[in-house]
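Student: I am attaching a structure below and will ask some questions about it afterwards.
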Amino acid sequence: MRSIVKAVNLNKYYDQYHALRDINIEVEQGEVMCIIGPSGSGKSTLLRCVNQLEKIDKGGLWVDGELVGYRVVGNKLHEMNESQIARQRLATGMVFQRFNLFPHMTVLQNIIEGPCQVLKRSPKEAIEDALELLARVGLADKRNAYPVELSGGQQQRVAIARALAMRPKLMLFDEPTSALDPELVGEVLSVMRDLATTGMTMIVVTHELGFAREVSNRIVFMDAGQIVEAGSPEEILISPQNPRTQSFISAVRT
């Protein structure tokens, strides 16, 4: 298996605040990795670095075999311009806590906007793909609805379909159920569970420990900008070795 994501001694600062500290991580093609940890531990920041919404300050990060944000010319690194970064970003699809749908567009228009405008696909092809994706997330009957007419769970499923329409090699989920009412969480996790069975490479920041145990190949526990412990779902959720991991999991389960 080849690596889709590789971080080597990755660091991120916000002024004096050290948000990510020497992160070393590798995600193989087809792997589902869940990242857990308390608020402020750096989980979302790590995802945003992978998707180039944030620039790293030290270390190296590769996505789909390419060094993120820089190109090597001779023996020197040159920072990429915005269009080059946008091209690299196409390898990843990201689903946020908030759904970020265009309110003035229908569900179908939201999904085909990227493929048509960015990837220059024909409207016919984009619509066919979008309808398949809507059926896959259980919203085939909502193609002409506007976001305001949908529940939070339905909007998040549209957001997943919109990300998939760009045919990414990697899907990033930043606590995709945290903004949802409890009764709507299950429908979004069901779509993600189905996606995981297709071989899609996924990194999921989540507090849903049951989902993480069921779906992930590997779980990473972060705290204070560091990876504290990583291993199989059984190793991390059932018999964690680090006291900080133990206290976090105990607190989340009570």
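The values are calculated or read from the model by the stated rules, or taken from the named source; none is laboratory data. Keep in mind that this is a model prediction, so the values were computed, not measured. Cβ placement follows ideal geometry from the backbone for every residue including glycine, while neighbour counts extend to all protein chains displayed. In case anyone asks, the SASA skips ligands and DNA or RNA and just uses the protein heavy atoms, side chains included. Shrake-Rupley method; radii C 1.70, N 1.55, O 1.52, S 1.80 Å.
Student: Test of understanding: what is the full-extension gain from HIS78 to ARG193, defined as 0.36 nm times their sequence separation minus their Cα-Cα distance? Mind showing how you got there, number by number?
Tutor: On the way: separation 115, 0.36 × 115 = 41.40 nm, distance 3.94 nm.
Contour length minus the Cα-Cα distance gives 37.5 nm.
Student: If you don't mind, another one. With every protein chain present, what is the per residue accessible area of the chain (1.4 Å probe, Å²)?
Tutor: Working: 12250 Å² over 254 residues.
Dividing the accessible area of the chain by its residue count gives 48 Å².
Student: Would you mind calculating the gained length between TYR14 and LEU119 on full extension (0.36 nm times residue separation, minus the Cα-Cα distance), in nm to one decimal?
Tutor: Working: separation 105, 0.36 × 105 = 37.80 nm, distance 3.33 nm.
Between TYR14 and LEU119, full extension yields an extra 34.5 nm.
Student: Related question: Run the accessible area of the stretch 103-167 with a 1.4 Å probe and give the carbon-and-sulfur part as a rounded percent.
Tutor: Details: 1650 of 3150 Å².
For the stretch 103-167, the apolar C and S fraction of the accessible surface comes to 52 percent.
Student: Please go through the residue pairs LYS43/LYS120; LYS120/LYS142; LYS12/LYS120; LYS6/LYS76; LYS55/LYS142 and name each one whose alpha carbons sit more than 31 Å apart in this structure. List each step's numbers first, then the result.
Tutor: Numbers: LYS43/LYS120 33 Å; LYS120/LYS142 24 Å; LYS12/LYS120 34 Å; LYS6/LYS76 20 Å; LYS55/LYS142 37 Å.
The answer is LYS43/LYS120; LYS12/LYS120; LYS55/LYS142.
Student: Over the chain, calculate the relative contact order: mean separation of alpha carbon pairs under 8 Å at least 6 apart, over the residue count, as a percent.
Tutor: Relative contact order, the chain: 26 percent.
Student: Taking the alpha-carbon centroid of each part, what is the distance from the stretch 25-51 to the stretch 93-109 in angstrom?
Tutor: 22 Å
Student: Something else about it: Determine the distance separating the Cα centre of the stretch 58-86 from the Cα centre of the stretch 185-254; give it in Å without decimals.
Tutor: One Cα centre to the other: 30 Å.
Student: Taking the Cα centre of the chain as origin, sum charge times position over the Cβ atoms of Lys and Arg (+1) and Asp and Glu (-1), and report the length of that vector in debye to the nearest 20. Intermediate values should be presented prior to the final figure.
Tutor: Details: 28 positive and 30 negative charges, 127 e Å.
For this selection, approximately 620 debye.
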